[in-house]
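All remarks here apply to the structure that follows.
The values are calculated or read from the model by the stated rules, or taken from the named source; none is laboratory data. Because the structure is predicted, anything quoted here is derived from the model rather than measured. Note: ideal-geometry Cβ built from the backbone for every residue, glycine included; neighbour counts use all protein chains shown. What goes into the accessible areas is simple: the full protein's heavy atoms, side chains included, and nothing from ligands, DNA or RNA. Shrake-Rupley method; radii C 1.70, N 1.55, O 1.52, S 1.80 Å.
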Amino acid sequence: MNRVIAIVVALAVFAAIFFLMLSHESSDFTASEKPFRFPLTQDPPTLDPVMVTDVDSDGIVQKIFSTLVHYNKELVLEPGLAEAVPEWTPADNSYTFKLRKGVKFHNGREMKAADVKYSWERLLSPDVSKRTEILTEVKGAQELLERKTQACEGLQVVDDYTFKVTLTGPSPTFLPKIAMCCAAVIPKEAVDQADQSRSTFSQHPVGTGPFRFVAWQSNRKIVLRRFDDYYGGKPKLDGILYEVVPESQTRLDRFLKGEFEVTDIPFGQFKRIRGEKPELVSENPALRTNYLGILMNKKDEKGKIVPAGLLGSNANLRQALNCAINRAYLCDAILEGRSVPALSILPHGMPGHDPKLVGWSYNPEKAKALLAEAGYPEGKGLPAFPLYYRKDNDIEKVVLAIQNDLKAVGINVELRSLEWGTFLKKVYNDPPELFYMGWVADFPDPCNFIEWLFHTNQWGEPGNETRYSDPEVDKLLDAAKASMDQKFRFETYNKVEKKLLEDCNWVLLEWRVNYILVQPYVKGAKEQLSPLDVGPLMNNVDFSKVEMTR
Amino acid sequence: MLTFVLRRLLQTLPVLLGIILICFVLLRLSGDPTNLLVSPHASAQERQLVRERFGLDRPWYEQLGRYLRFDLGLSYQQQRPVAQIVMEAAVVTARLTLGAMIVAVALGLTAGMVSAYRPNSAFDYAAAAAASVGVSIPAFWLAMLLILLFSVKLGWLPLPSASAPGELQYLVIPVVTLGLISTALIARLTRGCMLETLTQDYVRTAQAKGIGRMKMLLGHALPNALVPIVTVIGTNLAGLLTGAVLTETATSMPGLGRVIYTAISQRDHPVIMGGCLLFAVVFIAVNLAVDILYGLLDPRIRHA
């Protein structure tokens, strides 16, 4: 009997401990305050601008920090911390930025030109930065990267409010790249303070943006409060609350109960929600093209570039692949209408996109004829190609549909999924003949697609994953890169794109459209969405102008 | 008793070392995490700097040596000490597991005893059916069903939220989800053990002397049936910790399971290692506690 009493007592003790462990946390906002509430699928990897490589981190960082220039919804550069978008000075390949006066950091100190220099030299420090490529055209950047110097020669403080950047040559992509959040201006003392307290700047970010950082509880929430001294005017919202909700259905349920102002739409529910609650659905085209990459070339023992595999050496086969895929079905049925068939490499909405440039359309009969022309009538004698893709439920649905389409014309593919890191390693180091990929624009300029992904200099890991190589194309791309004449550049990129579509080293699949749910009482947010906004975090929206009319 | 405890403690050391070694080898086999730490456009020099920063350039035995000294280092992703990340999450998981264990033991023992008290009754059959369903339902699915019923349809409980993991109303669904799965097992085992004990000679003797059925169950049958039940409760407690991975994901609880799940998807090796080590320590500690309890419940085991 004593043992039974002991068990009851033990249970009572455990119950007491359990109740003692319960806690009631004070709310981050008072009852009268109205924060804008975002759900996150998981913790963002970082809040340090120089380490941002993902969409989630970018979305939060853009609320805390500001850059010298930024893009508006029409994808036109506008001044940010700079008074105006500077003009290029051809004589010495420089840009001179006049900084706004009176811009305050969240710690109360005024931002000056020395802060821009510090921030950009930090961006060029490979031991803290993941985005050093943004400033590689700056004079002296290479020496700083190689640690031959302590300071970057091309970054010059003229006076407190004037900052001059000298480049190694003309660079039409310098301004687009510094509009990215990674080039945000930060105060040195905040970085030093984080280092001294054995923490990181990512855990205690300080910027000049419309909202100041308050707290980050890992796997739970991130709290931002309105920054009253924001240079763009006092924000209308009291703050922003990001809460980690891994389950897509829970995010949707909580949005529908009014617990979030915005959310993503789970797969499988898109058509239903668009039918039942169309007023909540917001739509904006995204600068993203999804494709199947075909390995074109490899380097032999002597380093000479030679065609790789059957697909790389047989243009008819590549064309047959392009004609065999029913993109309309893929977009409407498999992706529930979230995408439109990709007609060219540059997505629509991208500056320089030429709507007259159209790739291969769905034509199974033509695919069969091309297959016969390639020497494999009805696919006889053609080996099965392994198709590698990132392990992901949605991608799996897409590649299964592709496998069926290809089989219908006589081309067999074996599906092979890999975890994202392993998949990337495979594509970089031991590229498969066929792989599923997507590219989202870092900045709205055609070079971000056409040069980064197809120039021989970008071979492999830097971006040219299909190992495409054509000396004529390289020459054209070099000419476009060195020119400040936008018309000439866009015409050149179109010329290259036409050649790429003929060569078919990509099997174009779909252009993604960004669909999210936004509460009807949110004003001024979806009106600002641009093609640079991917996902529900409204990355490029100026949140100082957003308000809620509940 | 002290010698017994010391002997068991010494036995746990090679187990812990083995776990560290297996985790280390498996993580190394999963590839180089540098790809996820640097930009796709990073140069070889930049990659080398990052490798130096996280000690990935050190020989394998030096990296293993750090873990053997329980120096878990910094998280690749959060750049915070791993010990801090793991301990924050462990509090949430401990709260969840403790609550689930209370639910499981209280409901399981009671249902098992009632079934044994009235074997082959309607309650017994219903309990057996419920137990079969309970052990078969995946935790994340049960969590979703409970959320759908109590949060979405009836609105009695709030929808899962990571921002208030310590408040009772948010804990009800995850605790019940996790607890119900173990309840089924404990209930069936309690019933079986008690029915077996009831066939023993000493029980028959007690019955012959005219002891009441309730007194016989609680005073004689249950205490002697407790040894296997305590074993199952012990191993279940550790199982609840690992089962929490799915429940925490389904109910947005920012616990250890979620931390490890996220770390695996981000290939954050130090955090995976830290989480696995903590799980291992808890498993070992629970097993040790169960062994000690055996000794208390059945002195014959202590002397064996």
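A count restricted to segment A:376-418 and to residues that are surrounded by fewer than 16 Cβ atoms within 10 Å (Cβ to Cβ), part of a strand (DSSP E or B) and in contact with an Asp or Glu (Cβ under 9 Å, 6 or more places away or on another chain) stands at 2.
Within segment A:198-234, the set of residues being among the small types (G, A, S) and within 12 Å of another protein chain (Cβ to nearest Cβ) comprises A:S199, A:S202, A:A215, A:S218.
In the set B:A106, B:A127, only one residue is at pLDDT below 90, at the interface with another protein chain (Cβ under 10 Å from one of its Cβ atoms) and touching a helix residue (DSSP H, G or I) at 6+ places or on another chain (Cβ under 7 Å); that residue is B:A106. Has segment A:81-93 got at least one residue that is touching a residue at least 24 places away in the same chain (Cβ under 8 Å) and surrounded by 21 or more Cβ atoms within 10 Å (Cβ to Cβ)? Checked segment A:81-93: at least one residue is touching a residue at least 24 places away in the same chain (Cβ under 8 Å) and surrounded by 21 or more Cβ atoms within 10 Å (Cβ to Cβ).
Counting the residues of segment B:57-77 that are open to solvent by less than 70 Å² (accessible area, probe 1.4 Å) and at pLDDT below 80 gives 1. Would you be able to say whether some residue in segment A:242-250 is away from chain B (no Cβ under 14 Å), of a type in the set (D, E) and either touching a Lys or Arg at 6+ places or on another chain (Cβ under 7 Å) or open to solvent by 30 Å² or more (accessible area, probe 1.4 Å) (or both)? No, because not a single residue in segment A:242-250 is away from chain B (no Cβ under 14 Å), of a type in the set (D, E) and either touching a Lys or Arg at 6+ places or on another chain (Cβ under 7 Å) or open to solvent by 30 Å² or more (accessible area, probe 1.4 Å) (or both). Reported count of residues in segment B:201-217, each being crowded, with 17+ Cβ neighbours inside 10 Å and either within 25 Å of the chain's Cα centre (by Cα) or touching a residue at least 24 places away in the same chain (Cβ under 8 Å) (or both), is 1. Out of curiosity, is B:L178 of a type in the set (A, V, I, L, M), away from chain A (no Cβ under 12 Å) and open to solvent by less than 10 Å² (accessible area, probe 1.4 Å)? It is true that B:L178 is of a type in the set (A, V, I, L, M), away from chain A (no Cβ under 12 Å) and open to solvent by less than 10 Å² (accessible area, probe 1.4 Å).
Among the listed residues B:L256, B:L226, B:L240, identify the single one that is among the aliphatic types (A, V, I, L, M), more than 25 Å from B:A83 (Cβ to Cβ) and either open to solvent by less than 30 Å² (accessible area, probe 1.4 Å) or facing chain A (nearest Cβ under 10 Å) (or both). First the steps, then the outcome.
Numbers: B:L256 fails: more than 25 Å from B:A83 (Cβ to Cβ); B:L240 fails: more than 25 Å from B:A83 (Cβ to Cβ).
Testing whether each residue is among the aliphatic types (A, V, I, L, M), more than 25 Å from B:A83 (Cβ to Cβ) and either open to solvent by less than 30 Å² (accessible area, probe 1.4 Å) or facing chain A (nearest Cβ under 10 Å) (or both) leaves just B:L226.
Exactly one residue out of B:L278, B:L296, B:L241, B:L288 is farther than 30 Å from B:Q63 by Cα and in a helix (DSSP H, G or I), and it is B:L296.
Would you point out the residue of segment A:452-473, among those that are away from every other protein chain (no Cβ under 14 Å) and open to solvent by 20 Å² or more (accessible area, probe 1.4 Å), that is nearest to the chain's Cα centre (by Cα)? Checked segment A:452-473; the qualifying residue nearest to the chain's Cα centre (by Cα) is A:T456. The condition of being touching a residue at least 60 places away in the same chain (Cβ under 8 Å) and of a type in the set (K, R) holds for only one of B:R47, B:R95, that being B:R95. If only residues of segment B:107-165 that are within 26 Å of A:K221 (Cβ to Cβ) and either without any contact (Cβ under 8 Å) to a residue 12 or more places away in the chain or not assigned by TED's automatic domain parsing to the domain that holds B:L195 (or both) are counted, the one that is surrounded by the most Cβ atoms within 10 Å (Cβ to Cβ) is B:S163. In the set (1) part of a helix (DSSP H, G or I); (2) away from every other protein chain (no Cβ under 14 Å), the condition left unmet by A:Y291 is number (1). Of all residues in segment A:144-161, those satisfying the criterion of being closer than 16 Å to A:K117 by Cα and either hydrophobic (A, V, I, L, M, F, W, C) or free of Cβ contacts under 8 Å to residues at least 12 places away in the same chain (or both) are A:L144, A:L145, A:T149, A:Q150, A:A151, A:C152, A:L155, A:V157, A:V158. On the stretch given as segment A:95-131, residues that are outside any loop (DSSP other than H, G, I, E, B), of a type in the set (A, V, I, L, M, F, W, C) and either open to solvent by 20 Å² or more (accessible area, probe 1.4 Å) or in contact with a strand residue (DSSP E or B) (Cβ under 9 Å, 6 or more places away or on another chain) (or both) total 6.
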